[in-house]
Each structure stands twice: as structure tokens, then as C-alpha cells.
Amino acid sequence: MSRLKDKVAILTGAASGIGQGTAELFAEHGARLVLVDRDEAGLAETSARVKRAGAAVVAVCGDVSQSTTIQRVVTTALETFAQIDVVFNNAGIMPYGDLQQVSEETWDEVQAVNVKAMFLMCKAVIPHMLQRGVGSIINTSSVMATLTEPGYEAYTTSKAGVIGLTKALAVSYAEQGIRVNALCPGWVETPMNLKVAEDLGGMDKLYPIVKRQQPLGRMASTREVAYAVLFLASDESTAVTGSALYVDGATTASI
């Protein structure tokens with residue numbers, strides 16, 4: 001139970017969902033954590049949970065699409081723990097709206113939170129990883145990078161961009177010991193998907209869609225997804241870089 005012993009990990013979007021589940025699993029496996037989110041109450045809850053698991057943790061509340069927040073995160077990580085080994089770029093938003101209905105401001109916000117924030121974080125942490133000759137970066141994309149449905153043009157565009165950024169960085173820094181991979185979840189039990197259910201009129205409206213789209217027949221738990229992140233963060237995956245790992249219950253394998 002120490003696959004991340006002595007490693008320092010930055011996790012964004014840590015206040016709930018996959019970020020919270022991953023923070024808890026990382027804590028169980030010995031990581032020291034820098035948790036980031038703009039939801040102050042949720043961030044405090046996650047911090048309390050990982051502290052109960054015995055992890056050293058520091059929290060930074062802020063908007064990851066802003067370079068000032070990213071600099072605070074990196075500075076805090078280095079001042080507190082003196083190193084950065086793992087980054088899980090997980091923060092994201094998923095507003096619904098047909099292209100003709102989506103405002104320019106909403107489009108820009110989705111691209112900023114879902115893609116620009118990852119660019120800013122990678123730009124800030126890679127120099128430190130280069131100095132040490134090692135590092136693992138995991139970027140949350142989605143099955144909707146390649147499969148989509150009406151009303152998610154902004155989200156699908158952003159998640160496809162995450163895979164492009166991931167592959168480009170992996171190729172650029174492979175020889176220097178920095179690994180960069182993307183995580184592509186399908187339906188997962190997260191507050192974001194509970195909001196989808198609410199918009200549809202309840203979980204009984206959503207589950208037939210999940211069963212139709214995801215051959216597994218159910219949503220994945222956040223812990224199931226977190227184990228995939230743990231693998232990519234750990235030294236067990238030292239030959240894995242430039243990959244998009246689908247944790248989607250066979251969604252992308254079905255027709």
C-alpha cells in the first residue's frame with residue numbers, strides 16, 4: 001500500500017468526483033498532496049479526508065485557468081515539499097448548449113478551464129521535473145473526445161484538445177524522463193453526472209442512457225477510475241507515455 005511513497009502529487013479538481021476519489025487513493029498509497037479547486041468548502045472536505053488517511057496535504061483554492069493560481073500552486077508545492085513528482089490535471093466543466101445557443105464567453109470558459117489550465121500547469125511544472133529527470137503528468141480527457149452527442153460542442157472540442165496536448169508533450173519530453181498520459185473516463189458516479197440526471201428529470205431517466213451507451217451496464221465509481229490514475233502516476237507505468245487510457249466500460253468498443 002505504498003505505490004506513491006515519498007512522491008509529491010498536485011491534483012486539480014480535488015473538491016469532488018474523480019479528483020476527490022483519486023486524492024483519497026493517493027493518500028492511502030503514501031503520496032504527499034497538493035490539492036487544488038475553486039470550491040473552497042469541497043476542497044476543505046477532501047483535505048480532511050486525506051488527513052484522516054494519514055497524508056501530508058496542503059490546499060490551494062483558486063481558478064486553474066488563471067496563471068496566478070498556477071504559480072501559487074507550484075510555489076506552494078515546492079515550498080512545502082521541495083519537489084513535484086506527479087500532476088493530475090483533472091479540473092473541468094461540462095456546460096450543455098447547442099452551438100447556436102452557447103455564448104462566446106461560455107465557449108472561452110470551457111476551453112480555458114479544460115485545456116488552457118493544463119497548458120499553464122504543464123508549463124509551470126515541467127522545468128522542475130526536468131531538473132530532477134523524472135515526472136508523471138496525467139490529464140483528464142473523456143470518451144467524449146472522440147464520441148459525442150448534440151449540445152456538447154464546446155466540451156467535446158476541449159477534451160479532444162486535451163488528448164492533442166498530451167501526445168505533443170509526451171513526444172517532446174519522453175527522453176528527459178517526463179511521462180504525459182490522458183485519462184478518458186466514460187460514465188462515472190460524479191456530481192457532474194448527477195447534474196445531468198437532474199436536468200433529465202432524475203436518475204431513472206439517466207440509467208437507461210448509461211446502459212445503452214456503456215456496455216458495462218452501470219457507471220464506474222470514482223475509486224475505479226482513481227486506480228487507473230494511480231497506475232499512471234506510479235513507477236509501474238514507466239514505459240507508458242503519450243497514451244489515452246479509456247476507463248469507459250467498453251463504451252468506445254461498442255457500436
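Listed values, structure above:
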{"read-out": "Dipole magnitude of segment 1-134 about its Cα centre (Cβ charges: Lys, Arg +1; Asp, Glu -1), debye to nearest 20", "value": "780 debye"}
{"read-out": "Simple label model, 7 Å out from Cα along Cβ direction - Ala174 to Thr68, nm", "value": "4.0 nm"}
{"read-out": "Additional length obtainable on full extension of the chain from Glu45 to Arg212, 0.36 nm per residue less Cα span", "value": "56.7 nm"}
{"read-out": "Packing-based exposure ordering (other Cβ within 10 Å, fewest first) of Val125, Val102, Val240", "value": "Val240, Val102, Val125"}
{"read-out": "Estimated Rh, segment 1-82: Kirkwood, alpha-carbon pairs, angstrom", "value": "12.2 Å"}
{"read-out": "Relative contact order [Cα under 8 Å, 6+ residues apart], the chain, whole percent", "value": "19 percent"}
{"read-out": "Backbone HN-Hα couplings from phi across segment 109-115 [Karplus 6.51/-1.76/1.60, Hz, Gly and Pro as x]", "value": "5, 4, 5, 5, 6, 7, 10"}
{"read-out": "Centroid-to-centroid separation of segment 115-135 and segment 142-199 [C-alpha atoms, Å]", "value": "18 Å"}
{"read-out": "Extended-chain gain in nm, criterion 0.36 nm per residue less alpha-carbon gap, Ile93 and Thr75", "value": "4.0 nm"}
{"read-out": "Shape metrics for the chain, restricted to C-alpha atoms - Rg then Dmax, Å", "value": "17.3, 52"}
{"read-out": "Spin-label model distance (nm) - Tyr227 vs Ala82, 7 Å beyond Cα toward Cβ", "value": "3.5 nm"}
{"read-out": "Cα-only Debye scattering, segment 90-157: base-10 log of I(q)/I(0) at q = 0.12, 0.23, 0.24 Å⁻¹", "value": "-0.40, -0.97, -1.02"}
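Values in this text are rule-based calculations from the coordinates and carry no lab data. What you see is a predicted model, and the numbers here were worked out from it, not measured in a lab. Here Cβ is always computed from backbone atoms with ideal geometry, including for glycine, and neighbour counts include all displayed protein chains.
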